[in-house]
Amino acid sequence: MSSLPIASRKDVVLHARVLVRRHRHSLVTMLLLYALAAVAALFGPWILGNLINRATAGHLSNHEVTVTVLELLSASLLYTLLTFFARRKSYILGETVFAELREGFLASILTLPLVAVERAGTGDLLSRTTNDVEAISRTVRFAVPEWLVALVQAGLTLGAMILVSPLVAIAGLVSVPFLYFSTRWYLRYATPGYMRERISYATLSGTVAETVEGSRTIDALQLASRQNDRLDGNIRESFYAEMYTLLMRMNWFPIVETAFSLAVATTLGWGGWLALHHHVSIGAATAVTLYVVQLNDPLDRIIAWLDELQMGAASFARLIGVSVVRDNRPTESAEPLSETITVQDVRYAYREGHDVLHGVTLTIRPGERLAMVGPSGAGKSTLGRLIAGIDAPRSGSVEVGGVPLSSMPLHTLRQHVALVTQEHHIFIGSVSDNLALAKPSASEADIRDALAAVDALEWAEALPEGLATELGSTGYALSPAQAQQLALARLVLTNPHTLVLDEATALLDPRAARHLERSLSAVLTGRTVIAIAHRLHTAHDADRVAVVNEGVVSELGTHDELIALNGEYAALWRSWRNEHTDRS
Amino acid sequence: MTLLTLPYRELPATDIGTPNLSSPLRYLVWLGRKQILILSGAVVFGMGWMLSQALLWAAVGGAIDHGITPRNPTALWHWVEIVLILGIVQGLCGAMRHQLAVANWMTATYRSIQLIGRHITASGTAVIDEIPAGDVVNTVGADVMRIGGAFDVVGRLVGALVSWIVVSIILLSTSLSLGLVVLLGVPLLASLTTPLMKPLHSTQATQREAAGRLAALGADTVAGLRILRGVGGEEVFLANYKEQSNLVRVAGNRIAGPQAALESGQLLLPALLVAVVTFLGARDIVAGRLQPGQLVAFFGYATFLTTPLRTVIEYIISSTRALVGAKKVLRILNATSAVEEPSEALAWPEHITSLHDGLTGVTLHRGQLTALVTETPAEAAEIANRLGRFVGGKNDVRLNDIPLAHFSLADTRRHIVVSEVEPRLFTGDLRSELAPRGAGDDERLITAMAAASALDILDALDQGFDSTVEERGRSFSGGQRQRIALARAYLTEADILILVEPTSAVDSHTESRIASRMLSIRDQRSTLIATTSPLILEKVDVVLVVRDGRVSDQGAHRDLARTNAWYRSVVLREEDE
């Protein structure tokens, strides 16, 4: 399986820039509000500094105290109010950006080319849809705004320090080299550790899901201790992942905190010395010292959010990576001259040098019912996928009326041929929703007709809320046979002239399959059907049977012809019908 | 590269212990007792961390009053040194406090996960019967972490309380009114914050629910993507997703107000305290009762008290969440299986002669390959469940004419293996999947794989038996999973093996190969196969036909096919005309 790409650094920056540009108005308003709030917060130490100056000078009155404290209170009130509006703005902006990102991601998933979807499997996509979207949610809603805010606060506090006394303020910068180098070291080693933590928790939760869903098998086969060991192993991995990042923090935190208190002590000592020698006032020394203490908080947040931002960027790269895969099917193709499908000397390999089809040639006449039988792994399904136009053969050609199927635009292809596999999926939504996806313009009557055609109307109407009953993983659970019937009803709506049924009835209760096939065959009269068969009675009902073995068509003809040939098919048929065979 | 190593005992714990399941609070207390040592450690360093932050202000005040104002450089350096020392103490205590908080978080979280895991595997299908799998996964992913979160805060909480009292005492010793303001103000402010949290909780719950639905919709689209890209309908899906996404966004915007109010409220309330303390302190200066440096210290104390105040609020939030989480954990831990162990288990018989179900009359004899034909697959599964004792209550199932319920469950599971319709595969390498109890030498494994006609699966794997089976075996097709599960069932070498529709997803060629090899791999042991496939039925010793809940006919496939019209209609799919 080839996995989906991850966006390059350049693409990430490009996408981020587009986002910022699109929301620059909200972003600027938000930052402005935060800046005003930060300015309001800076009043406190300044007011206190003035108070101290007057107190040491000995002319402080009760009236002045009252006025000063009222000023302090108004500043706090203003600070609170501005923070409220700024926060609200930033949460709403975060929600908006996050919604845009997840919707854009889903849109790009839905335009992934069929081959990429088939090859990548659902695991990678699912983890991007759940884990990475979740990670982005934290980054966009919390990390980015908090970080920007801290940046604004730190900048303004620094500005205030310089405004009060640039001479004292210099001492506050003593912490900067410590912070810079230790943080750089920390980020380099800690970020992969946090990634490992996340993966370990995803694995842990996967094991729990597997354990609870498979509890019957665990009970029946006495797998309890193995499953417990596995869970313990996952916990141990999580523990070591946690321990690693903890160790990183244990090296980093003390340096950061010591740097902070070094800054406070240095400012106090330097400011005090300057005050002693009348270079600055005691009030100025006090205010700058208080600012240095206040500066610790935004500085702390600036560096604390950095790893979250790094991880968010990684998830972002995985999300937009999906949009890099483009469908290279042409948007137009020639109109097929007929409905005849021709397979000409087709070879195909999943891995280079390992052909699974070794030159298959086959002509399928319009309206014909062709059954393909043969052992597992003989190449039946691969041939089916090529006939359905999902992929192109390595050499040779698969054409309908002279037009290569793999070169048709998807919406055109769907009108000609459809592939039905044993994989069926009921989407979250009503019965009608589940059918209408095949033909959004379908009326209620069309949907009923399609259900009736596959013999599903009766049970569908008997559901708790009839055709409006919510189905899927969060709704009413259908039996596999019912799910398969819905899948077939979708095809009735799509109405292609050729159908490739890849073991579509395999998972059905054998007692129901024949019944379903009969009702389906009534509907599909006049359509070309290529049935990759599982059960031999399907072959019996077909116009022609192709036995696929080891990548070639080894026998081809009507049921009676093949029985007369007395080859592999004949032997199998006899065994199925419980007649005497000379086969052991 | 690393400067420090951490002296912690490796987790997970080996002594999990027996929890108190009578109430969420008792469960949390039990967890706390199990980690009392690291909890106490967190408390000690939490106090050191908070106190050094508070006392920093006394030192700053001292530097002003004894160094700067009287113009005494020696005293100034002296106090600056103290500031630096307190800073270093704070840094070290903070680091210790942090690592003990993480240790407490992990210990409580992992222990709960272990308890849940152990309980699921020890109680049959009790948990999944009662609680949806998604809820269990959510409990482990979120609720258990919230329990850990409450233990994380404990050290800081005690530190907050102690530093609040110490600051109050310092203030009381200089000014009664100032001391009382701080002593009473902090709890008052903490209680004022609580009303701000209420509207937030309900809007958050709404948003979480909407977000959960959206996540399910996203996962659902990905799971059905092949089908969607095959038959179309992408536009409809994108529109649905956008609609739900918009609901989540609107719900999120509704949180923005209360969330911002709580956060700005947490700024305003301590600011009030700072204002009152500054006011009272400054008036004391005017009255000559206080030095300017002391006022700076008081201002600092009041600012510092924001941290303890926030910690108390955080604790209220996290302990509420932990209680809710514990309730969900207990729901899982209290799910019990209906299948009970006998009070006194009999020894398992040396030879099994028969296994008999009194209700349906289905009997398995020693060494026989028996097939079971029923009207519906559900009926066959039910009989298999009774014979394997997967259902509770009184069941008339007898082994060698002794009620099966008299034997221990462990013995029963070891000797009677039931492979259900869709057996699960688990993550791990193929070898341990096939032979979970070890003893999987390649020869045995290959024999079993051959009997299940599954050697082609093995050939296609790059690393043979060491290849990884992905979660739930999803890298294999349905037919491949079924054949691997069949090989796994054979490898148990159980005295009695009950297979329910073991070949429903494999093609006729393969099915016929499996049928012909069944007899030799199950040599001398008893096997019951519920199936309607003639390819298998013609190879078994005897076919039991269950109609209307009882064995109505039995014999060889060929005879039944000739004499029994109902049988013919089920197995050969002929019309009853």
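The values are calculated or read from the model by the stated rules, or taken from the named source; none is laboratory data. Since the model is a prediction, treat every value here as computed from it, not as a measurement. Counting neighbours? That spans all protein chains shown, and the Cβs are built from the backbone with ideal geometry, glycine included.
See the values below:
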item	result
Checklist (1) facing chain B (nearest Cβ under 10 Å); (2) in contact with a strand residue (DSSP E or B) (Cβ under 9 Å, 6 or more places away or on another chain) applied to A:His411, failing item	(2)
Index of the failed condition, B:Glu10 passing every other in (1) more than 20 Å from B:Val144 (Cβ to Cβ); (2) loosely packed, with under 14 Cβ neighbours inside 10 Å; (3) facing chain A (nearest Cβ under 8 Å)	(1)
Residues within the stretch A:211-229 that are more than 7 Å from chain B (Cβ to nearest Cβ) and of a type outside the set (S, T, N, Q), tallied	1
Qualifying residue in the stretch A:202-222 (condition: in contact (Cβ under 8 Å) with a residue 40 or more places away in the chain, assigned by TED's automatic domain parsing to the domain that holds A:Leu158 and aliphatic (A, V, I, L, M))	yes
Given (1) part of a helix (DSSP H, G or I); (2) touching a residue at least 24 places away in the same chain (Cβ under 8 Å), number of the condition A:His279 does not satisfy	(1)
All positions within the stretch B:102-128 that are more than 11 Å from the chain's Cα centre (by Cα), β-branched (Val, Ile, Thr) and part of a helix (DSSP H, G or I)	B:Val102, B:Thr107, B:Thr121, B:Val127, B:Ile128
Residue check for A:Ile235: free of Cβ contacts under 8 Å to residues at least 60 places away in the same chain, touching a helix residue (DSSP H, G or I) at 6+ places or on another chain (Cβ under 9 Å) and surrounded by 19 or more Cβ atoms within 10 Å (Cβ to Cβ)	yes
Flag if B:Leu434 is of a type in the set (A, V, I, L, M, F, W, C), in contact with a Ser or Thr (Cβ under 7 Å, 6 or more places away or on another chain) and more than 10 Å from chain A (Cβ to nearest Cβ)	no
Index of the failed condition, B:Leu238 passing every other in (1) surrounded by fewer than 21 Cβ atoms within 10 Å (Cβ to Cβ); (2) more than 10 Å from chain A (Cβ to nearest Cβ); (3) assigned to a helix (DSSP H, G or I)	(2)
Tally, over the stretch B:117-152, of residues that are touching a residue at least 24 places away in the same chain (Cβ under 8 Å) and facing another protein chain (nearest Cβ under 7 Å)	7
Any chance A:Leu27 is in contact with a helix residue (DSSP H, G or I) (Cβ under 9 Å, 6 or more places away or on another chain), surrounded by fewer than 20 Cβ atoms within 10 Å (Cβ to Cβ) and modelled with pLDDT of 90 or more	no
Tally of residues being of a type in the set (A, V, I, L, M, F, W, C) and more than 14 Å from every other protein chain (Cβ to nearest Cβ) across the stretch A:1-60	15
Count of residues meeting criterion [farther than 24 Å from B:Ala13 by Cα, β-branched (Val, Ile, Thr) and within 7 Å of chain A (Cβ to nearest Cβ)] in the stretch B:87-112	1
Scan of the stretch A:303-316 for residues that are touching a residue at least 12 places away in the same chain (Cβ under 8 Å) and out of contact with any His (no Cβ under 9 Å at 6 or more places or on another chain), ordered by number	A:Ile303, A:Trp305, A:Leu306, A:Asp307, A:Glu308, A:Leu309, A:Gln310, A:Met311, A:Gly312, A:Ala313, A:Ala314, A:Ser315
Residue identified as within 13 Å of another protein chain (Cβ to nearest Cβ), within 30 Å of A:Gln415 (Cα to Cα) and of a type in the set (A, V, I, L, M, F, W, C) among A:Val325, A:Val264	A:Val325
Given (1) more than 30 Å from B:Val277 (Cβ to Cβ); (2) out of contact with any Lys or Arg (no Cβ under 9 Å at 6 or more places or on another chain), index of the condition A:Tyr79 fails	(1)
Residue check for B:Arg431: in contact with a Gly (Cβ under 8 Å, 6 or more places away or on another chain), of a type in the set (D, E, K, R), part of a helix (DSSP H, G or I) and within 30 Å of B:Gly464 (Cβ to Cβ)	yes
Residue check, A:His59 surrounded by fewer than 16 Cβ atoms within 10 Å (Cβ to Cβ), without any contact (Cβ under 8 Å) to a residue 24 or more places away in the chain, assigned to a helix (DSSP H, G or I) and assigned by TED's automatic domain parsing to the domain that holds A:Val164	no
Elements of type strands (runs of 3 or more DSSP E) in the stretch B:327-384, at least 1 residues being loosely packed, with under 15 Cβ neighbours inside 10 Å and of a type outside the set (Ser, Thr, Tyr)	B:363-365
Residue satisfying condition, being within 10 Å of another protein chain (Cβ to nearest Cβ), crowded, with 19+ Cβ neighbours inside 10 Å and either modelled with pLDDT under 85 or farther than 23 Å from A:Arg230 by Cβ (or both), within set B:Ser419, B:Ser453	B:Ser453
All strands (runs of 3 or more DSSP E) inside the stretch B:465-577 with 1 or more residues being crowded, with 23+ Cβ neighbours inside 10 Å	B:496-500, B:526-530, B:542-547
Criterion (within 14 Å of another protein chain (Cβ to nearest Cβ) and under 30 Å from A:Trp573 (Cα atoms)) met by exactly one of A:Arg369, A:Arg385	A:Arg385
Boolean, B:Leu272 is surrounded by fewer than 23 Cβ atoms within 10 Å (Cβ to Cβ) and either touching a Ser or Thr at 6+ places or on another chain (Cβ under 7 Å) or in contact (Cβ under 8 Å) with a residue 24 or more places away in the chain (or both)	yes
Residue match in the stretch B:207-223 (condition: within 23 Å of A:Phe85 (Cβ to Cβ), more than 7 Å from chain A (Cβ to nearest Cβ) and in a helix (DSSP H, G or I))	yes
Failed item in (1) more than 9 Å from chain A (Cβ to nearest Cβ); (2) crowded, with 23+ Cβ neighbours inside 10 Å, with B:Leu262 passing the rest	(2)
Residue among B:Ser168, B:Ser163 that is more than 14 Å from chain A (Cβ to nearest Cβ), among the polar types (S, T, N, Q), assigned to a helix (DSSP H, G or I) and surrounded by 23 or more Cβ atoms within 10 Å (Cβ to Cβ)	B:Ser163
Selected residue (only one of A:Thr211, A:Thr266 is surrounded by fewer than 22 Cβ atoms within 10 Å (Cβ to Cβ), modelled with pLDDT of 90 or more and in contact with a helix residue (DSSP H, G or I) (Cβ under 6 Å, 6 or more places away or on another chain))	A:Thr266
